[in-house]
Amino acid sequence: MRHFLSVEQFTNEEFMMLVRRASDFKHGRDRFKSDRTIVNMFYENSTRTKMSFEMAEHKIGMHQMNFDVTTSSVNKGESLYDSVLTMQAIGADVVVIRHPDPNYSDQLVNLDVQVVNAGSGTGQHPSQSLLDIMTIYEEFGDFTDLNVAIIGDIMYSRVAVSNMMMLNQLGANVIFAGPDQYFDKRYEKYGEWMSVDAAVKAADVVMMLRVQLERHPNGDKPFEKKDYHERFGLTRERFQTMKDHAIIMHPAPVNRDVEIADELIECKKSRIVSQMSNGVFARIAILEWVLKGRYDELNNHKW
Ligand code: CP
């Protein structure tokens, strides 16, 4: 059974094939249609991921259902496994799941319904990574020796995890910066730690992260917003030190004037809105991959 769970399951060639398929769909070079049934199951809040999966599903003609966790039998103690088993039993072909447990999918991999990971706690966010890699590829066309600075709350960010793994695998130089206490030494093998000032100056891609207060133990909040912005944020002053060709990214939601100055979010160097748009096409590519398993067929395709 083909599930989309983690960037770790892909070789560079396979992941870049997904990027190119997403680009095909974006530029109208190809279409994919499916009359299969899909259920979106979001156990955590979402704006971009949920709505862009829904948009992708509409565009390709899938039969779409949304599982409302708040009014479901989850409130009567139904387990994730039993909810997904129920979706399978009533005829779902694919389930798109966001869940706070980093390992939630372990219990689902032997089911017949196909699982797409829309974010697993602090674990993985592979569809975000696909749209991020797509956005960087559109800009630079290559990852070899590209300096990508991931700045902010790295420890609690599943986006950071998926991106550091994939960028490192693709040959980029990953740079980490931000508060010391928001870094996990397990990630040292994927990149180099620098001060925020040095990271912003060195980067071709400045990827800012939100402080994930909802995941911090005991509501830990060691910084005031203004203090955080000045010490670790992309301020107007730091922005002036970026390379001419460098771009700004952020997975969003954004806390304006905390990790990034309000006026930079839609500035010329920012690709934050493009990331959101690319998310729809990245998710069509994921659904095609899950549903058609057509990589063997596409392997000889000239891009
Ligand atoms: N980037 C991202 O995952 O946003 P949402 O939490 O709004 O889906």
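Values in this text are rule-based calculations from the coordinates and carry no lab data. Note that this is a predicted model, so its numbers are computed, not measured. Every residue, glycine as well, gets a Cβ built from its backbone with ideal geometry; the counts of neighbours run over all protein chains shown.
Assorted remarks:
- Tilt relative to the chain, helix 158-170 - C-alpha long axis, 0 to 90 degrees, to 10: 80
- Peptide ranges 33-41, 146-154, 188-196, 92-100 listed from the most packed, as the mean C-beta count within 10 angstrom indicates: 146-154, 92-100, 33-41, 188-196
- In degrees, nearest ten, helix 272-292 long axis to first principal axis of the chain (Cα): 30
- Overall form of the range 127-271 per C-alpha gyration tensor (a/c, 1.5; a/b vs b/c): oblate
- From phi via Karplus (6.51, -1.76, 1.60), per-residue ³J(HN,Hα) for the range 110-126 in Hz, x at Gly/Pro: 9, 6, 7, 5, 8, 9, 10, 7, 9, x, 10, x, 8, x, 9, 9, x
- Summing Cβ point charges (Lys, Arg +1; Asp, Glu -1) relative to the Cα centre of the chain gives a dipole of roughly 540 debye.
- The range 81-122 versus the range 128-165: alpha-carbon centroid distance in Å: 25
- Estimated dipole of the range 127-271 in Debye, rounded to 20 [Cβ of Lys and Arg +1, of Asp and Glu -1, Cα centre]: 200
- DSSP assigns beta bridges within the chain; of those with both partners inside it, close to 5 percent run antiparallel.
- For the chain, calculated [θ]222 nm from helices alone, where every DSSP H run of n ≥ 4 adds -39500 (n - 2.57): -11000 deg cm²/dmol
- Gain on full stretching of the segment that runs from Asn110 to Met51 - 0.36 nm per residue minus C-alpha separation: 18.5 nm
- The chain: angle of helix 48-59 to the longest principal axis, Cα-based, in degrees nearest 10: 40
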